[in-house]
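Below is one structure, written out as structure tokens, with a few remarks after it.
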Amino acid sequence: MPGERTVKLLLGVDDESIAAPNQGSFVREERLLRWQSLSFGTQSELTFAQALDRAGVFFMPLSACRVTFAPGVRKTSELDFLIVHRGVTAVVELDGAPHNGRAADDHRRDRAIKRSGIWLVERVSSAEVLSNPDGVVRDLLRMMIYFRKTA
């Protein structure tokens with residue numbers, strides 16, 4: 001039935017066969033990892049999501065968004081994670097092999113996101129996430145609380 005997927009997602013039905021329509025859309029289907037009806041392109045993304053979940057944090061993984069890069073230039077981009085904690089919104093990008101050699105493009109996009117009003121854009125090593133996911137989340141949440149106090 002058309003729209004049934006959307007209704008199930010809105011109702012919070014935990015069905016691994018249902019993919020969010022605006023989530024993980026930049027990941028090739030054969031590489032997708034699924035957990036809690038969410039899609040991930042790498043093991044580090046999945047591990048980070050599970051650590052955020054254990055911490056009870058609101059997060060959106062691999063969400064497509066529209067960002068203004070220059071006057072009149074808007075592009076669709078995919079954020080690794082959009083996180084909200086205690087009134088602070090942050091974007092977290094996991095960097096590793098897929099990002100090697102793209103630093104200039106990554107920083108250009110980070111600046112565009114900041115101009116959009118999300119001032120906290122953090123880049124975290126995928127290797128660090130895989131070795132200490134709960135520690136990475138703990139540090140990030142502390143930073144978000146500090147940011148709120150000083151902003």
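No lab work stands behind these numbers, since they all come straight from the coordinates. If you're wondering where the values come from, they're calculated on a predicted model, not measured in any experiment. Using ideal geometry, Cβ is built from the backbone for each residue, glycine included, and neighbour counts are taken over all protein chains shown.
Going from the fewest other Cβ atoms within 10 Å to the most, the residues Ile145, Ile113, Ile118 appear in the order Ile145, Ile118, Ile113. Projected onto planes of every orientation and averaged, the convex hull of the alpha-carbon atoms in segment 40-151 covers 6.9 nm².
Determine which residues of segment 125-150 fall in the zone a paramagnetic label at Trp119 would reach in this model, i.e. backbone nitrogen under 17 Å from the point 7 Å along Cα→Cβ. Counting only backbone N, you get 141-150. In percent, rounded to a whole number, the relative contact order of segment 58-142 is 25, using alpha-carbon pairs under 8 Å and six or more apart. Distance from the Cα centroid of segment 36-69 to that of segment 71-121 is 13 Å (rounded to whole angstrom).
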